[in-house]
Every structure is written in structure tokens, then in C-alpha cells.
1. Condition first: crowded, with 19+ Cβ neighbours inside 10 Å and over 16 Å from the mean Cα position of the chain (by Cα). Now tell me which residues in region B:205-221 satisfy that.
2. Search region B:366-379 for residues being buried (at least 20 other Cβ atoms within 10 Å of the Cβ) and within 27 Å of A:ASN323 (Cα to Cα), and hand back the single one that is farthest from the other protein chains (Cβ to nearest Cβ).
3. When the residues of region A:154-185 are filtered to those that are free of Cβ contacts under 8 Å to residues at least 60 places away in the same chain and among the charged types (D, E, K, R), which remaining residue is nearest to the other protein chains (Cβ to nearest Cβ)?
4. Scan B:VAL188, B:VAL226 and give me the residue that is under 21 Å from B:LEU328 (Cβ atoms), among the β-branched types (Val, Ile, Thr) and surrounded by 15 or more Cβ atoms within 10 Å (Cβ to Cβ).
5. Only one of B:ASP229, B:ASP272, B:ASP240, B:ASP288 is touching a Leu at 6+ places or on another chain (Cβ under 9 Å) and of a type in the set (Asp, Glu); which?
6. Give region B:328-365 a look and list any residue that's β-branched (Val, Ile, Thr), facing chain A (nearest Cβ under 8 Å) and within 22 Å of the chain's Cα centre (by Cα), or say none.
7. For A:ALA311, state whether it is away from every other protein chain (no Cβ under 12 Å), under 22 Å from A:LEU198 (Cβ atoms) and in contact with a Gly (Cβ under 8 Å, 6 or more places away or on another chain).
8. For A:ALA333, only one of the following conditions fails: (1) under 22 Å from A:LEU165 (Cβ atoms); (2) out of contact with any strand residue (DSSP E or B) (no Cβ under 7 Å at 6 or more places or on another chain). What is its number?
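The values are calculated or read from the model by the stated rules, or taken from the named source; none is laboratory data. Please read all numbers here as calculations on a predicted model, not as lab measurements. Cβ placement follows ideal geometry from the backbone for every residue including glycine, while neighbour counts extend to all protein chains displayed.
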Number of protein chains: 2
Amino acid sequence: MWSIEDTEFMSRAIKLARRGLYTTRPNPCVGCVITLDDQILGEGFHIQAGGPHAEVHALAMATKRASQAALKGATAYVTLEPCSHYGRTPPCAEALIKHGISRVVVAVEDPNPQVSGRGIKMLRDAGIEVDVGLLSDEAAGINPGFMKRMERGLPWVTVKLASSLDGKTALSNGASKWITGPESRRDVQRLRARNEALVTGIETVLLDDPCLNVRHSELGLLSEQVDADSLHQPLRVVLDSRARLTSTAKLFTVTSPILLVSCIDYPQAEKDTWPQHVSGLILASDNDGRVELTALFAHLGKTYNSVLIEAGATLAGSVISQNHADELILYQAMKILGSNGRNLISLPDYTDMADIPSVELIDERKLGGDTRLTLKIRS
Amino acid sequence: MWSIEDTEFMSRAIKLARRGLYTTRPNPCVGCVITLDDQILGEGFHIQAGGPHAEVHALAMATKRASQAALKGATAYVTLEPCSHYGRTPPCAEALIKHGISRVVVAVEDPNPQVSGRGIKMLRDAGIEVDVGLLSDEAAGINPGFMKRMERGLPWVTVKLASSLDGKTALSNGASKWITGPESRRDVQRLRARNEALVTGIETVLLDDPCLNVRHSELGLLSEQVDADSLHQPLRVVLDSRARLTSTAKLFTVTSPILLVSCIDYPQAEKDTWPQHVSGLILASDNDGRVELTALFAHLGKTYNSVLIEAGATLAGSVISQNHADELILYQAMKILGSNGRNLISLPDYTDMADIPSVELIDERKLGGDTRLTLKIRS
């Protein structure tokens, strides 16, 4: 069904789409390539919400290179179904029609049930040949959070952990500097930069007093691709069921948004001290008196495509064992700490090996002396 | 100093030497290549103690191919210094001289201080050009146990462990079938086959009642290279400080040698039930009432080049923290068991990250769904 040229050009479009990885949120990453007689005339990708879509960039480049008439017979390769509605920009399907494109190849349909298929229908109604499904897994894989949230109203949840080879995060006295090396710590910065919200627990905040922001200077090579101004900071979410956090936390000194989720209200006197970038949310508690995770992710799914869990063994374990996690990223240091060290992850006391969580290794990289494992979690 | 041909032929000799990995014990693996005008005339490797040395095989092949006179001008590449003494076979240095070899390239000198340099001297005295040291690290690396025992009187000690990603060996109730997959379990059989002695603790024997032998049928591809008869069984050593083992142990049903190491003597009535392949050894106990490991390895070093530790967290941890281990082989399953699971390795309760054992990753392989990590332990 697909020619080798089709595959080549869609691969190129996917590669272009990925360039928006750190900047398009809350929009998905999209790439577009326009060809005539199997030569690339124009290409582009979506850079930033509110800015032009990928198709608009590609069409602009193509029309510069060819006369309007010359786009007759041209093919557009798009990683996501072109939009059909007036949002912050006019519909891309309309633009493709207006420019006289003859064929559109779409990798994946828009997952939003309110939109899905309408862009394709608009193109077909205008007499354009539309082929759907080329490299669809790869294209969907660029935007797992967007796809999941549109389909199920829930964010893509990544649990990040770091440990020694024997699964310890610190010595018994809490000493842990440094288990992983500088390359891993820089990679965590990139991971934060890719996620729209970051969830941690009150224990981690009280113990480590972290800022949990993305530090542009620590992004490594990425800092050359994304300047400090267009770098999004993830929403920082602290689960603090008993409303213990006070505004002396270092977290408050960084001005990107903070959401404090508790099961009881904070004292008014305390709330009065909150700076403008801090807000509170009260959710139900679970049987252990902790913030109910189903309610949490339903809330975050209203706004955020992707959530990173950077927490201790208890919260990280609950997110996994309660089937909220899609992915586990484990930074593993080539060290052994011994059984007195602190455990990586708390899970229920399983009695049967058949009951343990089902994980599958999908990527493995070396980061300096450490290994980064990416595992898909099946629920 | 070395030509590219020298390096090529020594590499070949090292590759040949490795073919003896499972059969030469207690002798080292040795390979030999004989060339004339940079063409290989003969090659061979040491197969089995008591059988011909590598040089003898290579000379036999070379003389078949060329007249005796034709070996004038020939070069012999040997991975280990040729022997100079009459053992079970005549000295190889003498054979090389008698065949008119003109130059001998040696990778490493014999590490035995009683032998070292004598073979080389014998060759030089006969007017042969001898060059020493080409690919010496690689050649020594084939026989780490032989090298270490000759130099220090101690065996090469490998600790084998298997765990989940979070460093657990079983669920809290002991369930662990199967954390690692069949490929890893077959690899453990090969690891046992490469080691001359295998040490375990009484707890493991009482709990799992294992046989701890090498099962030819489970060796995988190796079973095609080594037939069941030439397969060595490692000495099975059980550390049983309080002399608790009884002859109902499944271990006794396999007739390869067993050494029971205790700190007190077994009751005579018990010893009377021991089959012929079982013997006892009494060693001093340490402060915890366990078999003193320094005494154990000194004893094993009298006879065995290589020792594999297949034990629980306590014994494996003691071997490492008391600086007896050279290497750690960790089979890591892509699973998470949670903090209730059993710990991989017991180490002292360190208070400073600077005190943890120093390990270095030297090899990593996929075995089915598992990863095998080989780490060098620095003491």
C-alpha cells in the first residue's frame, strides 16, 4: 500500500515533529513534508502553541519554491490528522485544499473524539486523495500523553526512580550523594522539561527541600536547542494530605506554578503567606489517609498531557501498584549499597510471583557510568 | 615493536586458547600459532590436563605441512610462556628448539615464580629470538584464576547473584520461581562448568535442597562443544559452621566431590553415613561464629584456580565486604518485586557513600529478557 518514498517522507515528518518535544505543550508535536514528483518542496513542524501548525510552515516553504499552480499534484505527509476547526489559527485542512495539494498522507487520526475524522473528511470532500495509517505507532509514540489524554482524559504517567544495582536509593542514614552521576542528573532535567506536571510527596519535600524546577544551565546539549525563555517549567504538584507544608519550603522561591494537593484545608493564616504562583486543591483521601490517586490523575488529566512522578518509595510504588503508571524510567548506578540501604519501591506484600507488576524493557542507554532503563508498565 | 601480523597471529592464538575454557583445568588455557612468511603453518590449543600442550599440537600440524627444514625461519606465537620442565609431557621449549623455530612471541610469562622466565631463557640460550608481552592483558584474562593463584596462592572468586530490578531475590514468603528466565539459568550452568569449586552456605542448602552440579543437558550451545564425559564437575563446598547438614540432603545424591566445611566436627554417627565423595574440613570461626573466609580461600587456593559463590545475601555479602571477591556476575530480571521482597546482598551498615564497595562494569549481555552484568570488584 505504501511506497518506499511514502515511508521515507513520513519518517522525515516524524523526525521534524520531534523537534517540538520541549516547546509545543499543551499541543502535540506535529511534522509535515510536502513533495512533488518525490522531491521535497517544503517541510515544517509545530513549534509552539499559538504559533503556526506544521502544515502552514511546510506550505509557506513549498509556495516560495514553486508557483501556486505547481502544488497541483503535490503530496503532503502529516504526522497527525490536519485540523478542521478555527482555533488560534485557521484550519490546516482548508489551507491544504486552498493550495491545491492533490494527496495527503496522514500517520494518525486526531485522537480527540470531537475532532477525529473531520479533517480527513474535509479533505476528501474537496476531492483530495487521503491515505491514513502510515507509521502510525511511531507517530502516536511522539505524543503518548496527548493521545492518552484525548482518548481517556488521563495524563501519560512516567515514574522516575534512581538506585544502586541492589535497588537501594540511600544508605540507612539517608546519605545518597551521589548514587547516580552528572550525566544522569542532567538527563533528569531533560525529563522534567518534557513533562507538563511533576508530582512529588510531602516527605520528599520535607526531607530534601528541593526546588523541582528545570535548570536551563543543566540541560546539557538540549540547552543549545531550547533557549531559556521558551523552556516550559512543569507544574510542581506536592501531595500533602495533612496540609503540613509551610511557605518556608525552598520550592516556593522558584516562581513557576505550584499546586498543593491536600485532604484537609490549610490554615487560612498559612494560605495568606502563599505567593501568587501557589494554589491549593483539596481531594478525597484513600484508606491510608493519603491523597486519592484516581482523583488526582483525573484532575491533572483535565489540563496536562504528561505527568512525571519524582517521589519516594511509597508514592512511586502506589502509582505503579494502583495501575496509574504508563512508564518507569530507572537510572541505575553501577554500585552496591547493601541490605541496610533504603528500598527503591514499596509494593503490596505479594505472595505469588504471578501478581507482581508486569513491566517490559523498551529502551536502554548508558549515561556516563549509569544505565537508564525505560520500561513500559502494563496494567 | 609489534607488526600488525604479530598482533593478528597472537589474537588467533588467544582465540584458540579459549576453546579449552571448560576442559583444561587445573591447567591454564593456552593457544599456539606457527607461521612462516606470515602464513599460518600450524595451530593448536591445550585441551586437557595430561594431554599435549598447545605448542605440540601446532608443531605437529606445521611439520605435516612443511618439511622439518622448512620450520627454519618460522615464528611461534604462544599465549603463555612455554614450559621448561618435564611434567606429564616433555618441555615445550625443547620441542620448539628441536623443530628449528627461529622466533617465539610470548604473550605472558608463566606467573608461577618457580617457573617464570625459565622457558624463555631456555629458548634464548638456544639462539631463538624471543619477544614477550604482546596482548598480555588479553592473554592473562583467559586464565584469571591460574594467574592469581600462581601469584598469590588464592583462587579467583566470582560471586553470582540474581535479582529483580529493585534488588530482590524473592517475595517475602520466599517465592522466587522464576525471577530470571531459562536463558539465564542455562548461563549459570556454563558459569558452574567454568569454575573449579562452588561455595554455598548451609542456609541455602537447607532451604532449597539443591544439587549444585552442572547438568550437561542444560548447557545450551556449550553441550555441543563439550561432551558429557569431558565435562568437569566443580567441587561443591558447603559452609556449615555448626555441622548441621545431614546426609539426607539431595546434594549427596550426585557423586561429584563435596567438601563440608564446619567449625566443629560432625558427630561420628553422621560421618559414618557419608558416601565416598563427601569429605569434611574443620576451619576456625570468625566473630559471628561463621567459617573464617580468609582460611577458606587459603585452603581452596592450594588446589583450585577458580571459585564460584552461589549463596544467599549474607555469605555473598561477606565475601564481597571482606575483600575476597574479584568479580560479581549479576543476572538482572526486568521485574519489580517491591520493598517486602528479600534483599540481594548484606553489607555492613555504611554511613558514608565513600565506604561502599568499588565495582566497575566490564561486560553486559542480554540473556532472553534478562541482563547479565559482569562487574570487577576492586579491593
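1. Passing the criteria: B:VAL205, B:LEU212, B:LEU219.
2. Only one residue fits best here, namely B:ASP370.
3. That would be A:LYS177.
4. None of the other options fit; the residue is B:VAL188.
5. Just a single option satisfies the conditions, and that option is B:ASP240.
6. Within region B:328-365, B:VAL359 is the sole residue that qualifies.
7. yes
8. Of everything listed in (1) under 22 Å from A:LEU165 (Cβ atoms); (2) out of contact with any strand residue (DSSP E or B) (no Cβ under 7 Å at 6 or more places or on another chain), A:ALA333 misses just condition (2).
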